[in-house]
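Engineer: Take this structure, written in structure tokens, and hold onto it; I'll ask about it next.
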Amino acid sequence: MVNKTVCIDNIDFPVYADLDDAQKYMTGNYNNSSWFDPITDNDTRKRLLITATRILDRQRWRGSPSGLSGQTLAWPRTGTGVPGVTDTEVPKEIEYACIELANLILNGSDVEENPQPGVQTINSFKAGSVAITYFRDAENVFLKRARFPTVVQELIGKFLEGTGVHVTGVATGIDGESVTREDFGFNEGL
């Protein structure tokens, strides 16, 4: 099937995972209490799947849409270069990522509003006796460049188009300039 759908108010919305897929997947998920909470009704679950699909559909994926009859979403795709991907089916990882993302949103993830979850800024900087204070959880800011929470990034990472970003370290001081030994592909300073 090229597109799955969920129906709300007699309107069919394309999704990567429908309610049956999500219910089966979430049954085996440890963090499923909110998903199966009686106050979370099926229309809410469907809206979460629609929202997750829309977020995933806005990403820069490898390859091109297959252009199959009836295809309205970015997947299936052709020319991804990912082994095992066919141009007629949505990979299971995309389906699972949709469900995981829906559950994360239900549990309060800011992935919908924040294009770079986990990226923080400096809270304070002191020059004398050098001190930097970060906002919560910012010490590893360069390790948190992913658009999505880890569980989703692990599922979809191999399908995403690269950005070509390189990170290097440069320190300057009164004795000149120090540069890391790593070759990051640069031949001159930034």
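Engineer: Could you tell me which numbered condition Gly70 fails, if it satisfies all but one of (1) under 22 Å from Ile11 (Cα atoms); (2) under 24 Å from the mean Cα position of the chain (by Cα); (3) not hydrophobic (A, V, I, L, M, F, W, C)?
Structural biologist: Single failed check for Gly70: (2).
Engineer: Then there's this: Cβ-Cβ under 6 Å, sequence separation 6+ or interchain: first residue in the stretch 15-42 and touching a residue at least 24 places away in the same chain (Cβ under 8 Å), partner among the polar types (S, T, N, Q). Which pairs?
Structural biologist: Listed pairs, sorted by first residue: Val15/Thr53; Tyr16/Thr53; Met26/Asn32; Ser34/Asn107; Trp35/Asn103.
Engineer: Related question: Out of all the residues in the stretch 80-97, is one or more modelled with pLDDT under 75 and of a type outside the set (Asp, Glu)?
Structural biologist: From the stretch 80-97, those modelled with pLDDT under 75 are none; that's our starting set.
Scanning the stretch 80-97 turns up no residue that is modelled with pLDDT under 75 and of a type outside the set (Asp, Glu).
The values are calculated or read from the model by the stated rules, or taken from the named source; none is laboratory data. Remember, it's a predicted structure, so these values are computed and weren't measured experimentally. Glycine gets a Cβ as well: all are built from the backbone with ideal geometry, and neighbour counts include every protein chain shown.
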